[in-house]
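Derivation of every value follows stated rules applied to the coordinates shown; laboratory data play no part. The model shown is predicted, which means the values in this text are computed figures rather than measured ones. FYI the Cβ positions are ideal-geometry reconstructions off the backbone, even for glycines, and counts take in every protein chain you see.
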Amino acid sequence: MVRKIEMQPVNRREVMKFVGVGAVTGVVASLLPNLALADAAKTAAAVKKVAGGKTPASGKITLELPQIAENGNTVPIGFEVDSPMTDSNYVKTVHIFADKNPNPEVGSFHFTSDCGKAKASTRMRMAKTQNIVAVAEMSDGSVYMAKSEVKVTIGGCGG
Amino acid sequence: MAKAKARVKAPKKVKKGEVFEVKTLISHKMESGQRKDKKTGKKIPQMIINKFACSYNGKEIFTSDWHGAISANPYMAFYVKAKDSGSLDMTWTDDSGAVFKKSAKVSVT
């Protein structure tokens, strides 16, 4: 009898602990996708804005990015868009977005037919492991998109 | 940031019609606006170069708009198709309105 009475509070505590852990995991689980969604939504909105209501097609863009970036402060990024770059058919602009940075916009690069090649490279900051999205606007109004994931060891936004 | 060290690397001699690479580098802290002052806890205001442009003999051929995600001491490489001998003039403009300039001469044969 005595044993049983002692057992009960323990059981209750165990149960409460279990419930507590469950609640915490529940909250975290429900919070994380929301955060990710917010970032993805921000990027999607930014992409939509530059695409001007068109659905970007895939292809034409080659992204040069490391698979793993040790230092998020300077990540080399290069891109090339397949285009003859003539006066009538050239790449107007390439926009780069990072979907998990505080602000998705990285830069917009405006080309002319005098560039000869729609190719450029720079260095960017990455807060954490994320997708880099490139959107290319062509002179004929068509829009292309490419995506590449970069794993970041140390983030580069100096939180 | 009154003084910024800018460097431009382009080939001195190119053949007409050739597409050559131009590499540029400028010293600028590119304060992203995300960093916090450790003492006050306040965010350090953004101060970045927001525009880069390259003119080839007076005609703007390549420009780019930069955001806070461009690294400090920004590097920019792009391509130019050789037409006539002349100069490639780079300009960088930052949030304070300061303009930095650097040119490179190219002779086209």
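A few points about this structure:
- Separation of the alpha carbons by more than 20 angstrom is noted, of B:Lys51/B:Lys102; B:Lys5/B:Lys38; A:Lys92/B:Lys59; A:Lys60/B:Lys51; A:Lys100/B:Lys29; B:Lys29/B:Lys59, for B:Lys5/B:Lys38; A:Lys60/B:Lys51; A:Lys100/B:Lys29; B:Lys29/B:Lys59.
- Counting only other chain Cβ atoms within 10 Å of each residue's Cβ, the peptide A:99-105 averages 3.
- Working from label points 7 Å from Cα in the Cα-to-Cβ sense, the A:Ala41 to A:Ser58 distance is 2.6 nm.
- Equivalent ellipsoid semi-axes, segment B:1-96, via Cα gyration tensor eigenvalues times 5, rooted, Å: 33, 11, 10
- When only the Cβ of Lys, Arg, Asp and Glu is charged (+1, +1, -1, -1), the dipole of segment B:38-101 relative to its Cα centre reaches about 360 debye.
- Summary value for segment A:91-159: 35 percent relative contact order, contacts being C-alpha pairs under 8 angstrom separated by 6+ residues.
- Summed residue charge, Cβ within 10 Å of A:Ala118's Cβ, Lys/Arg positive, Asp/Glu negative: +2
- In this calculation the C-beta distance from B:Arg7 to B:Asp95 is compared with R0 = 30 Å, giving a FRET efficiency of 0.90.
- Mean Cα-pair separation over length for chain B, i.e. relative contact order, pairs under 8 Å, 6 or more apart, %: 33
- With both labels modelled 7 Å from their Cα along Cα-to-Cβ, the B:Lys36 to B:Glu18 distance reads 5.3 nm.
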